[in-house]
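Undergrad: Structure incoming, see below.
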Amino acid sequence: MLCTRIRTALSARLDGEEPPPGLTVHRLDAHLADCRDCRRWEAQIRALATGAVRAAGQPEDDPAAADALLARLRTVSVRPGAVPPGEVAGGGKRAG
């Protein structure tokens with residue numbers, strides 16, 4: 001199954017929506033059990049969502065909350081196949 005389809009389903013699940021047609025919760029969970037990249041993607045998108053909720057709860061005149069969220073957004077990519085900062089393709093850490 002294509003990871004892009006799984007990630008669409010993960011996004012829907014995070015939003016409280018049903019998975020796309022033809023994709024059951026069981027198939028989604030089975031894919032996650034076998035796909036480290038999709039598990040990582042899910043963790044990243046959950047962290048971003050949590051940060052957004054936290055920032056939304058801050059007073060509008062609190063620039064520190066907005067700056068913290070923007071900093072997080074700059075360091076995390078949730079594009080399919082993207083490699084998180086500090087890692088190389090294949091899951092290893094960058095030397096350095």
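The values are calculated or read from the model by the stated rules, or taken from the named source; none is laboratory data. Just so we're clear, the structure is a prediction, and the values are computed from it rather than from any experiment. Virtual Cβ from ideal backbone geometry, glycine too; neighbours counted across all protein chains shown. Surface areas here come from the heavy atoms of the whole protein model, side chains and all, with no ligands, DNA or RNA. Shrake-Rupley method; radii C 1.70, N 1.55, O 1.52, S 1.80 Å.
Undergrad: Helices (runs of 4 or more DSSP H) wholly in segment 13-80 with at least 1 residues that are out of contact with any strand residue (DSSP E or B) (no Cβ under 6 Å at 6 or more places or on another chain) and at pLDDT 80 or above - which ones? Outline the logic, then answer.
TA: Working: elements: 25-34, 36-56, 63-75.
The qualifying helices (runs of 4 or more DSSP H) are 25-34, 36-56.
Undergrad: Yes or no: LEU23 without any contact (Cβ under 8 Å) to a residue 24 or more places away in the chain and either under 26 Å from LEU70 (Cβ atoms) or open to solvent by less than 30 Å² (accessible area, probe 1.4 Å) (or both)?
TA: Numbers: without any contact (Cβ under 8 Å) to a residue 24 or more places away in the chain: yes; either under 26 Å from LEU70 (Cβ atoms) or open to solvent by less than 30 Å² (accessible area, probe 1.4 Å) (or both): yes.
Spelling it out, LEU23 is indeed without any contact (Cβ under 8 Å) to a residue 24 or more places away in the chain and either under 26 Å from LEU70 (Cβ atoms) or open to solvent by less than 30 Å² (accessible area, probe 1.4 Å) (or both).
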